[in-house]
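Here the structure comes first, spelled out in structure tokens, and everything after it is commentary.
The values are calculated or read from the model by the stated rules, or taken from the named source; none is laboratory data. Since the structure is predicted, the reported quantities are computational estimates derived from the model, not experimental observations. Positions of Cβ are generated from backbone atoms using ideal geometry, with glycine treated the same way; all protein chains shown enter the neighbour counts. For the accessible areas, the whole protein counts, side chains as well, though only heavy atoms, and no ligand, DNA or RNA atoms are used. Shrake-Rupley method; radii C 1.70, N 1.55, O 1.52, S 1.80 Å.
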Amino acid sequence: MFTSRHVKHSRLLLRHARKYLRYKDDRLSAPDREQIVAGMKSLRDALHDKDRERIHSTADTLDKTLHRLTPVTWESHWRENCEVILVAIVVAVGIRSYFLQPFKIPTGSMQPTLNGIIGQRIDPTAPLPNILQRAVEFVVVGRNYIDVVSRGDNQISEVQQWRFLFFFTWSRVICDRPVTTAAPNIPMPLRLPFEILRRIREFISLGCYYIDNEINLYCPPDQLRTDFNVFPGRLIHRGEIIARGAIDTGDQVFVDKFTYNFMKPHRGDVFVFRTNHIPGIREDPEAGAPFYIKRLGGLPGDTLRIDPPFLYVAGKKAEGYGFERVMSARPPYRGYAFGHDYLSKPDQSYTVPRNGYFALGDNSYNSYDSRYWGPVPDVNVVGRGLFVYWPFYPHWGLIR
């Protein structure tokens with residue numbers, strides 16, 4: 001680390017020259033080969049004598065010789081850039097497939113340990129934050145604002161979900177009649193840029209943009225329905241507020257897919273699993289079976305029982321920081337609640353079968369988990385919830 005830059009550069013140049021001689025020895029002419037060998041000898045002698053000026057001059061001469069013999073072409077630049085991009089993609093896919101996979105918390109079943117997407121209405125008379133404050137809140141807490149107002153008498157016919165870059169879930173609110181006026185009479189080459197700028201301006205100021213008979217806004221359909229009362233069939237009138245408030249995105253976590261290849265899951269782990277072949281869980285026609293994230297409440301062979309707010313394992317209260325925090329029932333935690341088909345009474349117990357795990361949400365009163373549909377097959381386990389990487393508040397860090 002204390003070596004001068006010109007010395008490092010010269011040593012790298014010598015290494016490159018040696019490689020070039022090995023690769024091209026059978027194709028170089030005798031004069032060119034002798035010129036390279038002489039240049040390398042001169043540079044080595046200059047490095048040995050520690051003569052700074054000679055090092056610079058001989059390195060420059062050798063570098064020019066090599067460039068003359070291997071001229072840089074536009075194909076080489078493209079080839080090098082493509083190789084770098086390809087290697088980056090391979091590395092990213094490898095990490096995602098075998099080590100760490102990003103995952104977004106979609107629901108509130110693990111709150112307040114992990115947040116799902118939360119919608120909050122704002123009073124129509126209260127002003128929304130300015131653009132700078134919105135930008136800061138989006139980066140720090142993952143919050144964005146919407147202020148959707150009807151531009152005419154209409155009726156909502158359908159609410160569709162669509163995703164942008166996998167993590168960003170939008171809603172397309174489709175109305176019976178157009179919600180925007182026709183574009184100004186401007187030349188066709190300028191119409192597309194005009195539309196793009198209009199949509200960007202509307203999104204920045206309103207959290208949505210209008211197009212034809214659609215309103216596109218950055219909020220999932222479930223939150224629109226439950227938190228803002230937006231549903232198919234709703235009648236809306238000109239100037240009526242359709243949805244106004246803040247949406248906090250779900251916690252984005254890294255899932256450790258590596259550890260469970262060498263060790264069994266532990267009771268109390270926050271783990272992610274696929275829901276395919278689990279009775280009662282509906283698959284998305286496009287995305288397939290959803291991923292769930294829960295706390296591992298029972299291992300194969302464990303006998304479980306719930307007597308609110310406590311969870312019992314083999315007749316004793318469940319041990320571990322995660323369980324104790326839930327069972328304390330200190331707000332916002334509420335303890336464990338009775339199930340539906342499983343653990344529905346204080347005297348009802350359940351023994352987890354071999355090759356299965358019992359999943360429980362920390363938000364037990366609002367969690368669709370193994371109390372409803374039974375154990376998770378061990379082949380469905382993806383990995384352990386490791387780290388919340390965004391947003392930076394309030395849960396950034398290791399998951400416990």
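Points to keep in mind about this one:
- Fully extending the segment from residue 235 to residue 157, taken as 0.36 nm per residue of separation minus the present Cα-Cα distance, adds 27.1 nm.
- Residue 56 - accessible surface, heavy atoms, 1.4 Å probe, Å² rounded to 10: 100
- Sequence of 274, 244 when ordered by accessible area, the most exposed leading, probe 1.4 angstrom: 274, 244
- Principal-axis analysis of the Cα atoms of the chain puts helix 5-24 at an angle of about 80° to the longest axis.
- Computed FRET value (nearest 0.05) for residue 45 with residue 198, which takes r as the C-beta separation and R₀ as 60 Å: 0.30
- Evaluated with a Cβ-only charge set (Lys, Arg +1; Asp, Glu -1), region 57-150 carries a dipole of roughly 240 debye about its Cα centre, given to the nearest 20.
- Sequence-distant contacts, meaning Cα pairs under 8 Å at least 6 residues apart, place the relative contact order of region 278-400 at 24 percent.
- Furthest towards positive pole of dipole, 290, 277, 98, structure part the chain, Cβ charges: 98
- Sites residue 18 and residue 80 - FRET efficiency at Förster radius 22 Å, r taken between beta-carbons, to 0.05: 0.60
- Principal-axis analysis of the Cα atoms of the chain puts helix 74-98 at an angle of about 40° to the longest axis.
- Largest-first ordering by accessible area, 1.4 Å probe, given options 18, 334, 143: 334, 18, 143
- Charge dipole of region 24-166 about the Cα centre (unit charges at C-beta), most positive-ward option of 59, 70, 124: 124
- A simple spin-label model places pseudo-atoms 7 Å from Cα toward Cβ; at residue 132 and residue 92 they are separated by 3.3 nm.
- For the chain, calculated [θ]222 nm from helices alone, where every DSSP H run of n ≥ 4 adds -39500 (n - 2.57): -11000 deg cm²/dmol
- Cα-based radius of gyration of region 242-306 once divided by 2.2 N^0.38 Å, which approximates compact folds: 1.50
- Candidates 70, 259, 180: whichever shows maximal mean-square fluctuation once the chain is modelled as a Gaussian network with Cα springs under 10 Å: 70
- For the residues 333, 20, 145, a GNM of the chain with alpha-carbon springs under 10 Å puts the largest fluctuation on 20.
- Per-pair calculated FRET efficiency, R0 = 41 Å: residue 211 and residue 282 via Cβ, rounded to 0.05: 0.85
- Note on the chain: with charges restricted to the Cβ of Lys and Arg (+1) and Asp and Glu (-1), its dipole about the Cα centre is near 1120 debye.
- Highest GNM mean-square fluctuation among 80, 202, 158, for the chain modelled with Cα contacts below 10 Å: 80.
- Each Cα pair under 8 Å and six or more residues apart adds its sequence gap; the mean of these over the residue count of region 198-249 is a relative contact order of 20 percent.
- Carbon and sulfur %, accessible surface of region 255-334 computed with the full protein complex present, 1.4 Å: 51
- Per residue accessible area of the chain, 1.4 Å probe, in Å²: 59
- Positive-end extreme of charge dipole, region 210-298 - chosen from 250, 237, 213 (charges on Cβ): 250
- Residues with amide H under 5 Å from that of residue 142, placed H, sequence gap 5 or more: 392
- Each Lys or Arg adds one and each Asp or Glu takes one away; over the other residues whose Cβ falls under 14 Å from the Cβ of residue 394, this sums to -1.
- Rounded to the nearest 10 square angstrom, residue 264 shows an accessible area of 150 square angstrom against a 1.4 Å probe.
- Added length on full extension, which subtracts the Cα-Cα distance from 0.36 nm per residue, residue 316 to residue 372: 17.9 nm
- Number of Lys-Lys pairs in the chain with C-alpha atoms under 26 Å apart and a separation of 8 or more places or on different chains: 25.
- Ranked order, 54, 44 - accessible area, probe 1.4 Å, largest first: 44, 54
- Principal axis box of the chain, alpha-carbon based, largest edge first, Å: 91, 71, 37
- To the nearest 10, the accessible area of residue 61 is 80 Å² with a 1.4 Å probe.
- The modelled label-to-label distance for the pair residue 324/residue 9, using points 7 Å beyond Cα in the direction of Cβ, is 6.1 nm.
- Only Cα pairs under 8 Å and 6+ residues apart enter the sum, and on that basis the relative contact order of region 219-345 stands at 14 percent.
- Helix 131-141 axis, angle to the chain major axis (alpha carbon atoms, nearest 10°): 90
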